[in-house]
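Here's the structure we're looking at; comments come further down.
The values are calculated or read from the model by the stated rules, or taken from the named source; none is laboratory data. Please read all numbers here as calculations on a predicted model, not as lab measurements. Please note: Cβ atoms are built from the backbone with ideal geometry, for glycine as well, and neighbour counts cover all protein chains shown.
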Amino acid sequence: MPHQMPARKTASTCIAEHVQGSHVFSIFGYSKHRGAGMGEFVRSGAFSVGGNEWAIRFYPDGLRENSKDHITVYLELLSKDAKVHASCDLRLVDQSTGLSSSVDITAPRVFNQRDSSRYAPQHDTFKNRSEFEASSYLRNDNLAIECVVTVMSEARVSETRSSPKVDVPPSDITEHLGKLLEAKETADVIFSVGEETFAAHKIVLAMRSPVFKAEFYGPMRQRGAQAVTIGDMQPNVFKALLHFLYTDDLDGNDRGEMIRHLLVAADQYAMERLKLVCQSFLCENLEVQNVATTLALADQHHCGILKDACIEFISSLNTMDDLVATQGYVDLKRTGASILLDAFVEMRERSYKRLRSAAP
């Protein structure tokens, strides 16, 4: 299967540029400013942040009826006809420590000098008067208001950049595992099959087959055993089995008879993937001459997919004469009559279902 490269990626960044400045408005003789009346204010000197003029408004008696028990503080945009994207943090300075604490923060928004949006915050109740007058923000009849203004400028966007293109070759792990199989000096188990011996690695076999895992690492394993005799398999089949264990490849062992032997071996060692590979091959190569033999094999080794394919193939035959004449059918009739009976019952049920579905 060809190696598919991941989609090419590009990237860019956006950085929010801003300018920040602060102004401290000190008010001496707080009590002397009281009593001027609701809506009366003291304005700070103008200060510049981000190329625009700003000022702080202080209302000692509040602005409106809803703020008569509060002091009111506003930031005001002064620059004529200006529209500014900004935020502000209105703070009170502790007269004992000189440190300031936030009282009201306005999130970034547009200040328009032409309407009421030139003020921030958008409410009148800055600080409860009785709390304020009892706090360390007022000392010796003096207070200080600090305003931190952050003006947002046009965002800076970087040029689009491409991620480096690296050509990654296809996976070669099976190639390395195949070489490991050939490297007999690193093997830790020897299999004796007929007149031949095969060196292998327990950990690889255990990784691929639960039967080998139980044999080499299970509670009934023979500790220290280095030789294993395989008495029920031909050497060339075991060699093909080992090759598949290491490489997941049949390596040209895709002849019909070999595939049948590998199916038996796959069932014996609980190698489900190899079992499916073998079923797929046999399903695609069903013929009148081999279907009976294949049906017996599928039933014996619990290959449901292959068994269904054999029954479907037999059902599609125009005549049973050629099938009955095969040696496989003769053998199956002699040794597996029940299999044939089940197959014919299944064929009859399928034929009945097809007739029912075709009926008007």
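Which pairs have Cβ atoms under 9 Å, sit 6 or more apart or on different chains, and link a residue in the range 176-200 that is within 19 Å of Val237 (Cα to Cα) to one that is polar (S, T, N, Q) and assigned to a strand (DSSP E or B)? Hits for this filter: Ile190/Thr197; Phe191/Thr197; Phe191/Thr229; Ser192/Thr229; Val193/Thr229; Phe198/Ser192.
When Leu90, Leu63 are checked against the criterion of being at pLDDT 95 or above and either closer than 16 Å to Pro121 by Cα or in contact with a Ser or Thr (Cβ under 7 Å, 6 or more places away or on another chain) (or both), a single residue qualifies: Leu90. Against the test of being of a type in the set (D, E, K, R), in contact (Cβ under 8 Å) with a residue 12 or more places away in the chain and in a helix (DSSP H, G or I), the options Glu215, Glu131, Glu146 yield a single qualifying residue, Glu215.
Filtering the range 228-239 for residues that are surrounded by fewer than 18 Cβ atoms within 10 Å (Cβ to Cβ), within 38 Å of the chain's Cα centre (by Cα) and polar (S, T, N, Q) leaves an empty set.
What number of residues within the range 153-209 satisfy the criterion of being outside any loop (DSSP other than H, G, I, E, B) and of a type in the set (Ser, Thr, Tyr)?
5
Please enumerate the residues belonging to the range 109-128 that are among the hydrophobic types (A, V, I, L, M, F, W, C) and part of a loop (DSSP other than H, G, I, E, B). The answer is Phe126, and nothing else. Checking each residue in the range 206-238 for being among the aliphatic types (A, V, I, L, M) and closer than 15 Å to Tyr269 by Cα picks out Ala206, Met207, Val211, Ala214, Val228, Ile230, Met233, Val237. Listed here are the strands (runs of 3 or more DSSP E) enclosed by the range 17-70 that have at least 1 residues being within 56 Å of the chain's Cα centre (by Cα) and over 17 Å from Tyr119 (Cα atoms): 18-28. Return yes when Arg255 is charged (D, E, K, R) and crowded, with 18+ Cβ neighbours inside 10 Å and no when it is not. Here the answer is no, as Arg255 does not meet what is asked.
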